[in-house]
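Note sheet for the following structure.
The values are calculated or read from the model by the stated rules, or taken from the named source; none is laboratory data. Small disclaimer: the values here were computed from a predicted structure and weren't measured. A quick note on method: Cβ atoms are made from the backbone with ideal geometry, for glycine too, and the neighbour counts reach across all protein chains shown. With ligands, DNA and RNA removed, areas are computed over all heavy atoms of the protein, side chains included. Shrake-Rupley method; radii C 1.70, N 1.55, O 1.52, S 1.80 Å.
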Amino acid sequence: DPEEAAHVDGAPPSKIAVVGAGIGGSATAHFLRQHFGPEVQVDVFEKGEVGGRLATVTVNHNDYESGGAIIHALNLHMQEFVKQLGLKYRRSMAGKMAVFNGEEVILEETDWYLLDLFRLWWRYGISFIRLQMWVEEIMEKFMRIYKYQAHGYAFSSVEQLLDSLGGSGFINMTQRPLSDSLLELGVSQRFIDEVIAPVMRVNYGQNVSIPAFVGAVSLAGAQNNLWAVEGGNKLVCSGLLKMANANLLQAQVNSISSVHSGEALQYQLSFTTPTGKGSELYDIVVLATPLQTDGGSGIQFQGFPLPFDQLPSDYHKTVATIVHGYLNTSFFGFPDPRLFPYASILTTETPDLFFNSVASVCPVNISAGFRRKQPQEAGVYKVFSPQPLDKSHLKTLFRSYYSVQVTEWQSYPRYCSSQGLPSVELHPNLYYLNGIEWAASAMEMSSVAAKNIALLAYHRWNRQTDMVDQKDLMHRIKTEL
Ligand SMILES: Cc1cc2nc3c(=O)[nH]c(=O)nc-3n(C[C@H](O)[C@H](O)[C@H](O)COP(=O)(O)OP(=O)(O)OC[C@H]3O[C@@H](n4cnc5c(N)ncnc54)[C@H](O)[C@@H]3O)c2cc1C
Ligand SMILES: CC(C)=CCC/C(C)=C/CC/C(C)=C/CSC[C@H](N)C(=O)O
């Protein structure tokens, strides 16, 4: 029982560990400092690079996002971090988009908004209006989290959090395929195949049977109000760690054991640093890393049972290939590259198609007079694919190239609508931030989870049960003094 956590009443924790310095771990360190105050020691363990899945690669003296790239205009935690850290916004320059079915471009954006609308209506009826309204409604409900968190409310599970935002409707959305929800909404099968499936492929590398909740987040990520952080999104992570006055330890955590001394429960973290092995005791531990069996954190848990029979299932592999070269526009039906008008190409679910998307990308420092290269010039492109591209794939997509850089990501959960959502409270004072990714994986989801876990840890430590899993929060907040 989490409320049984044993510590001397009234005494604050002296040491807290956070495992992982991606956006989730860095934001957790920041919020823990906010809630527990300046005295507590916050140690952040990171086995790789600060930023985790937010990372850049350098091409020709410019840096490009190879992991998490875009942020929604209504992602308020990310917005607030950027403001507090004195960083700058970079508007996402999407450019024109097209959908390719392996043989030809079947759908394209033009310079004429009204023409685009007319074409959408002609081809799909009012599906796109229904879809837009559906995504807007979900976003509006999602935004409630900021109010609840600002008032200090926390949730003990992802289900409780989602329930407070959108009731059983949101929880159902994590359990049913996106395609079912959209068909029920009156969206046509053709629209699902030609528009929705390509968006799911570019964003989550998966198909329209992923759960409706993550599907809606993915569709929000296809709207045109997106931005990124000037200089690279990972700057938020290093900035938050600094602002939190956290100790960053370059170390891989190998095991976490529970240690009881009298009334008190603590956790012993054993870890490996570049110079040797070590171990430390902590009052509170936050795991801000995926815990899946294959390629996950590799942490062993000793002395206490975990609240799941088995670790959450595997993550999906996404390969991000950044190519500096000349796009082979003939492959898309444009023998003359000067007539190729698109900045990004999405793809339909087509057997034998080896890539999910290819897009001309902007460097993270766009202010230095950037101009998107024309297809007849050498440019920098990002290809997402489920498997690494071989030479023949590269030859198909590019006439020639100067450089190729490959990042193989364990990117997001392999979503399936029958899986449940894992617990985020693993044992008293031991929390699992990335449980939220099984609802949807995005920078803002990890940030929302970070705030929730910092609040939850604080309320559990201080036994403030009236601040956890409260019902009817909208009404409560309105009537609070
Ligand atoms: C290719 C790609 C594109 C994406 N695009 C977007 C996008 O455009 N917009 C968006 O919002 N989201 C996007 N995402 C998702 C987003 O990047 C993630 O949801 C988010 O970055 C997850 O952050 P996190 O801190 O929770 O996890 P991570 O970033 O994975 O951080 C976990 C950290 O823990 C460390 N770690 C693991 N085990 C240990 C251990 N035992 N000891 C010490 N350290 C350990 C890891 O090295 C890692 O740094 C994308 C992801 C990928 C892969
Ligand atoms: C969490 C909420 C409410 C909204 C987030 C919307 C958002 C930004 C979703 C993005 C999801 C995602 C995992 C995108 C990956 S690929 C991004 C891009 N197409 C690229 O080319 O890198």
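Considering only segment 64-97, how many residues are small (G, A, S), surrounded by 13 or more Cβ atoms within 10 Å (Cβ to Cβ) and away from ligand 2 (no atom under 14 Å from the Cβ)?
Here the count works out to 0.
Residues are listed down the side, and each one gets a yes or a no for (1) within 20 Å of A457 (Cβ to Cβ); (2) among the hydrophobic types (A, V, I, L, M, F, W, C); (3) assigned to a loop (DSSP other than H, G, I, E, B):
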{"site": "K277", "(1), (2), (3)": "no, no, no"}
{"site": "L281", "(1), (2), (3)": "yes, yes, no"}
{"site": "S297", "(1), (2), (3)": "yes, no, yes"}
{"site": "P312", "(1), (2), (3)": "no, no, yes"}
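Could you please find all residues in segment 198-240 being part of a helix (DSSP H, G or I), closer than 16 Å to E349 by Cβ and within 12 Å of ligand 1 (Cβ to nearest atom)? Quick ask: steps written out before the conclusion?
In the first step, residues of segment 198-240 are kept if they are part of a helix (DSSP H, G or I); the result is 198-204, 212-220, 235-240.
The next check asks that each one be closer than 16 Å to E349 by Cβ; those that pass are 198-204, 215, 218.
Matches in segment 198-240: V202, N203, Y204, S218.
How do the pairs read when you match residues in segment 263-286 that are free of Cβ contacts under 8 Å to residues at least 12 places away in the same chain with residues anywhere that are open to solvent by 60 Å² or more (accessible area, probe 1.4 Å), using Cβ under 9 Å and keeping only pairs 6 or more apart or on different chains?
Sorted first by the residue in segment 263-286, then by its partner, the pairs are S279/Q268.
May I ask you to verify whether V19 is modelled with pLDDT of 95 or more, open to solvent by less than 40 Å² (accessible area, probe 1.4 Å), closer than 25 Å to W409 by Cα and more than 12 Å from ligand 1 (Cβ to nearest atom)? First the steps, then the outcome.
Values: modelled with pLDDT of 95 or more: yes; open to solvent by less than 40 Å² (accessible area, probe 1.4 Å): yes; closer than 25 Å to W409 by Cα: yes; more than 12 Å from ligand 1 (Cβ to nearest atom): no.
Judged against the criteria, V19 is not a match.
All but one of (1) surrounded by 23 or more Cβ atoms within 10 Å (Cβ to Cβ); (2) touching a Ser or Thr at 6+ places or on another chain (Cβ under 8 Å); (3) not in a strand (DSSP E or B) hold for Y267, so report the exception by its number.
(3)
Given the conditions (1) surrounded by fewer than 18 Cβ atoms within 10 Å (Cβ to Cβ); (2) at pLDDT 95 or above, and given that L397 satisfies all but one, which numbered condition is not satisfied?
Of (1) surrounded by fewer than 18 Cβ atoms within 10 Å (Cβ to Cβ); (2) at pLDDT 95 or above, only one is false for L397: (1).
Do we have F354 as in a loop (DSSP other than H, G, I, E, B) and either closer than 27 Å to N60 by Cα or within 16 Å of ligand 2 (Cβ to nearest atom) (or both) here?
When the stated conditions are applied, F354 passes them.
Consider A244 carefully, then state whether it is modelled with pLDDT of 95 or more and more than 14 Å from ligand 2 (Cβ to nearest atom). Give the derivation first.
Working: modelled with pLDDT of 95 or more: yes; more than 14 Å from ligand 2 (Cβ to nearest atom): yes.
Yes: the conditions hold for A244.
Give just the number: which of (1) farther than 17 Å from H459 by Cα; (2) among the aromatic types (F, W, Y); (3) open to solvent by 10 Å² or more (accessible area, probe 1.4 Å) does F36 not satisfy?
(1)
Tell me, please, whether a residue that is at pLDDT below 95, touching a Gly at 6+ places or on another chain (Cβ under 8 Å) and part of a loop (DSSP other than H, G, I, E, B) can be found in segment 380-391.
Within segment 380-391, not a single residue is at pLDDT below 95, touching a Gly at 6+ places or on another chain (Cβ under 8 Å) and part of a loop (DSSP other than H, G, I, E, B).
Can you find a residue that is open to solvent by less than 40 Å² (accessible area, probe 1.4 Å) and in contact with a helix residue (DSSP H, G or I) (Cβ under 8 Å, 6 or more places away or on another chain) anywhere in segment 301-318?
yes
Please go through segment 273-289 and give me each residue that is near ligand 1 (Cβ under 9 Å from one of its atoms) and open to solvent by 20 Å² or more (accessible area, probe 1.4 Å), ordered by number.
Passing the criteria: only T289.
Here are T58, T28: which of them is away from ligand 2 (no atom under 16 Å from the Cβ), among the polar types (S, T, N, Q) and without any contact (Cβ under 8 Å) to a residue 40 or more places away in the chain? Break it down into steps so the answer makes sense when it comes.
Values: T28 fails: without any contact (Cβ under 8 Å) to a residue 40 or more places away in the chain.
The conditions single out T58.
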